[in-house]
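The values are calculated or read from the model by the stated rules, or taken from the named source; none is laboratory data. This is a predicted model, so every value here is computed, not measured. Here Cβ is always computed from backbone atoms with ideal geometry, including for glycine, and neighbour counts include all displayed protein chains.
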Amino acid sequence: MRVAIAGAGNVGRAIARELLDNGHQVLLIDKDPKALKLESVPDAEWLMADACEITSLDAAHLNTCQVLVAATGDDKANLVTSLLGKLSTECHVLSLVLITQKMSGFLTLHGA
């Protein structure tokens with residue numbers, strides 16, 4: 001299975017390592033050059049891009065992924081990434097949201 005992870009911080013890299021250890025392909029996406037710690041997950045693909053932009057998700061070839069994980073540490077960015085992923089691909093979408101009050105309106109509006 002190919003999994004794209006938006007957010008290459010501690011959480012995203014931990015998810016990536018676990019997936020790689022279990023035989024999956026991983027693409028880590030982050031717009032912050034400081035987050036691109038290639039040596040920390042050397043078997044992953046890396047892309048410096050803003051996952052909140054549809055052009056970035058196109059560049060990531062998201063259509064070849066079965067799963068998109070939004071784990072940026074920013075609830076708004078994660079929700080936008082999830083929505084774009086849901087609208088532009090057939091892949092399953094998982095999103096890390098820390099402040100759950102933001103979710104109820106989002107789910108109602110977007111049927112996620």
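Sub-6 Å Cβ pairs linking a first residue in segment 38-67 that is within 16 Å of E18 (Cβ to Cβ) to a second residue that is part of a helix (DSSP H, G or I) and small (G, A, S), at least 6 apart or interchain, are V41/A16; A44/A16, ordered by first then second residue.
Mind counting the residues in segment 1-19 that are aliphatic (A, V, I, L, M) and part of a loop (DSSP other than H, G, I, E, B)? Result for segment 1-19: 2. Here L94 fulfils each of the conditions (1) hydrophobic (A, V, I, L, M, F, W, C); (2) at pLDDT 95 or above; (3) assigned to a strand (DSSP E or B) apart from (2).
Against the definition (of a type outside the set (D, E) and at pLDDT below 95), how does P33 come out, yes or no? Yes: the conditions hold for P33.
When L109 is tested against (1) modelled with pLDDT of 90 or more; (2) exposed (fewer than 12 other Cβ atoms within 10 Å of the Cβ), only condition (1) is not met.
Every residue, every condition in (1) of a type outside the set (A, V, I, L, M); (2) in contact with a Cys (Cβ under 8 Å, 6 or more places away or on another chain); (3) closer than 11 Å to A6 by Cβ, yes or no:
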position	(1), (2), (3)
T55	yes, no, no
A59	no, no, no
V69	no, no, yes
K76	yes, no, no
L87	no, no, no
H92	yes, no, no
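Restricting segment 1-19 to residues that are free of Cβ contacts under 8 Å to residues at least 40 places away in the same chain and touching a strand residue (DSSP E or B) at 6+ places or on another chain (Cβ under 9 Å), the residue that is farthest from L83 (Cα to Cα) is R17. Can you pull out the residues in segment 20-31 that are in contact with a strand residue (DSSP E or B) (Cβ under 6 Å, 6 or more places away or on another chain) and under 17 Å from T72 (Cβ atoms)? Passing the criteria: V26, L27, L28, I29.
Looking across L84, L62, L68, one residue alone is in contact with a His (Cβ under 9 Å, 6 or more places away or on another chain) and crowded, with 17+ Cβ neighbours inside 10 Å. It is L68. Restricting attention to segment 42-68 and to residues that are assigned to a loop (DSSP other than H, G, I, E, B) and small (G, A, S), the residue that is nearest to L84 (Cα to Cα) turns out to be A51. When segment 20-41 is limited to residues that are part of a loop (DSSP other than H, G, I, E, B) and aliphatic (A, V, I, L, M), the one that is surrounded by the most Cβ atoms within 10 Å (Cβ to Cβ) turns out to be V41.
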